[in-house]
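The values are calculated or read from the model by the stated rules, or taken from the named source; none is laboratory data. Bear in mind that the values here come from a model prediction, so they are computed numbers and not experimental data. With ideal geometry, Cβ positions are generated from the backbone for all residues, glycine too; neighbour counts draw on all protein chains shown.
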Amino acid sequence: MTLSGARTYVGFGFGAIQSGLFLYEAFQSGQFGRLVVAEVLPEMVAAVRRENGLFHVNIAHAQGVERALIGPVQIEDPAQAADRARLIDAIAAAEEIGTAVPSVNHYVSPSDGSLHRLLAEGLRLKTRAGGPRAVVYAAENHNHAAEILEEAVFNVIPSEEREAVRAQVRFLNTVIGKMSGVIATQEELEAAGLLPVTPGSPRAFLVEAFNRILISRIDFGPGADPFQRGIRVFEEKADLLPFEEAKLYGHNATHALAAYIGSLLGVERIADLRRQPDVMTFLRTAFIEESGAALIRKYRGLDPLFTPEGYAAYADDLLERMTNPYLRDTVERVGRDPARKLGWDDRLIGTMRLAHHQGIRPIRYALGTAAALSVMQNRAPAEINDPDATLDALWGESAPEMNERRAVLALIHTALEYLRDWSATGRPPLEPFLTARETL
């Protein structure tokens, strides 16, 4: 397939999601004649340019890995003045723009090549030149990424231009349940039979085939013509927050739960858990009876997802995908940065709080929290040091309400007791052990 459409797509950040989702879907759509991407690693920019803009992505299906060649893309380094000028021109011509940088903290920097500054200049030029309307997909894993990016961009647009620029662009939140990663060792590339990003590169992009991505509904206001997306596989939702919560408190929470329990069991890869049916039963029960039950109570009637049948199907599909051996996900990668994942509003504690507010006892996610503390402190469960002080230090800025904090900590203490007993008794099948303890 070659580029043949009339549209322009611009992306920021040349990682697995940018390459294996946005650029891939734009390329596959046949709607885009120009693909442009900004990347801050000079060696990656040089490597893609040497290949005339062509690169590979590896796509994990249930039965194997597909290798896709994408491009040509126009890749630019925001640190270089000439590249910045070309990026600004491309933004002015673009109908669709996607940010896929490490976090919302990367939107703003003091440099001339800061993402927010380039977007502002490109959108100003678009408005002055009469360029096409555009949407900006904010793909960072934050419930309000689009609002944060929009505010940063408009803060550097002169006040007298803001109304005209705002009429030309909409910033969209996204729910991206697509698992992905970067394989960065030659040994693993060869063992898995993956193609590097470019020939000779030590890196490979590996993404799952799933592409049901949810985005905010596009609304340019009363009387405006409907906006036609070139990337048509995305699905618009009027209210994205419930689906963002399903991702964070369902998908992300259970993925983390699998990693921390897997770490205690000495498992290397998430897929290895398929060989432990009791652990899979434990994960499914947590997903459906704790996360799912809470979300269904909160959002019943909003969407078929928030029904017992819909959520069970969602959980079963994700558990199958999480443990896909072709995705090569490691327990270490999924469980990295436990301090962040134990945040008051993040996946484990956040799921516990959601369940608590809905009258559901989230003992399995509490067990995951206890396991995460064990991983974070690099101590056996019986040796975990002062969990209350550890968690309070992580929650400090969130200023949790005292009664809610007390309830969450009490459940974590119970889970720590269970975890110690489970370890002391030789780690018997987890779900039957937990069920027995809960019925004593």
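List every residue pair whose Cβ atoms sit under 8 Å apart, with the two residues 6 or more apart in sequence or on different chains, where the first one lies in segment 316-335 and is in the same structural domain as Arg274 (by TED's automatic domain parsing) and in contact (Cβ under 8 Å) with a residue 40 or more places away in the chain and the second, anywhere, is of a type in the set (Asp, Glu) and part of a helix (DSSP H, G or I).
Hits for this filter: Arg328/Glu188.
Taking the criterion of being more than 27 Å from Thr390 (Cβ to Cβ) and among the basic types (Lys, Arg), would at least one residue in segment 336-343 satisfy it?
Within segment 336-343 (the criterion being more than 27 Å from Thr390 (Cβ to Cβ) and among the basic types (Lys, Arg)), the answer is no, since none of the residues qualifies.
Looking at segment 380-431 only, could you name the residues that are β-branched (Val, Ile, Thr), assigned to a helix (DSSP H, G or I), more than 21 Å from Thr281 (Cβ to Cβ) and in contact (Cβ under 8 Å) with a residue 24 or more places away in the chain?
Within segment 380-431, Val408, Ile412 qualify.
List the number of the failed condition for Ala164; all other conditions in (1) under 19 Å from Glu96 (Cα atoms); (2) assigned to a strand (DSSP E or B) hold.
(2)
For segment 330-379, how many residues are assigned to a loop (DSSP other than H, G, I, E, B), over 17 Å from Ala410 (Cα atoms) and under 22 Å from the mean Cα position of the chain (by Cα)?
Result for segment 330-379: 5.
Residue by residue, here is whether (1) closer than 24 Å to Gln358 by Cα; (2) touching a strand residue (DSSP E or B) at 6+ places or on another chain (Cβ under 7 Å); (3) polar (S, T, N, Q) holds:
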position: Tyr260; (1), (2), (3): no, no, no
position: Arg269; (1), (2), (3): no, yes, no
position: Asp278; (1), (2), (3): no, no, no
position: Tyr314; (1), (2), (3): yes, no, no
position: Pro325; (1), (2), (3): no, no, no
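Considering each of Val153, Val135 in turn, give the residue that is under 24 Å from the mean Cα position of the chain (by Cα), touching a residue at least 60 places away in the same chain (Cβ under 8 Å) and closer than 21 Å to Ala94 by Cβ.
Only one candidate passes the filter, namely Val135.
Residues Ala224, Ala209, Ala271, Ala204: which one is in contact (Cβ under 8 Å) with a residue 12 or more places away in the chain, farther than 30 Å from Pro381 by Cα and surrounded by fewer than 20 Cβ atoms within 10 Å (Cβ to Cβ)?
From the options Ala224, Ala209, Ala271, Ala204, the qualifying one is Ala209.
Looking only at segment 103-131, which residues are surrounded by fewer than 16 Cβ atoms within 10 Å (Cβ to Cβ), over 21 Å from the mean Cα position of the chain (by Cα) and in a loop (DSSP other than H, G, I, E, B)?
Selection gives Ser109, Pro110, Ser111, Asp112, Gly130.
So, of the residues in segment 228-257 that are more than 18 Å from the chain's Cα centre (by Cα), surrounded by fewer than 16 Cβ atoms within 10 Å (Cβ to Cβ) and in contact (Cβ under 8 Å) with a residue 12 or more places away in the chain, which turns out to be farthest from Thr8 (Cα to Cα)?
Asp239
Tell me which residues, restricted to segment 48-78, are surrounded by 15 or more Cβ atoms within 10 Å (Cβ to Cβ) and small (Gly, Ala, Ser).
Across segment 48-78, the qualifying residues are Gly53, Ala60, Ala68, Gly71.
Could you grab me the full set of residues in segment 309-366 that are within 17 Å of Gly181 (Cα to Cα) and among the charged types (D, E, K, R)?
Passing the criteria: Arg321, Arg328, Asp329, Glu332, Arg333, Arg336, Asp337.
Within segment 296-304, does at least one residue satisfy the condition of being assigned by TED's automatic domain parsing to the domain that holds His356, farther than 23 Å from Ile363 by Cα, part of a helix (DSSP H, G or I) and of a type outside the set (Gly, Ala, Ser)?
yes
If a residue has to be charged (D, E, K, R), assigned to a strand (DSSP E or B) and over 30 Å from Ala184 (Cα atoms) to count, how many in segment 199-236 make the cut?
Of the residues in segment 199-236, 2 are charged (D, E, K, R), assigned to a strand (DSSP E or B) and over 30 Å from Ala184 (Cα atoms).
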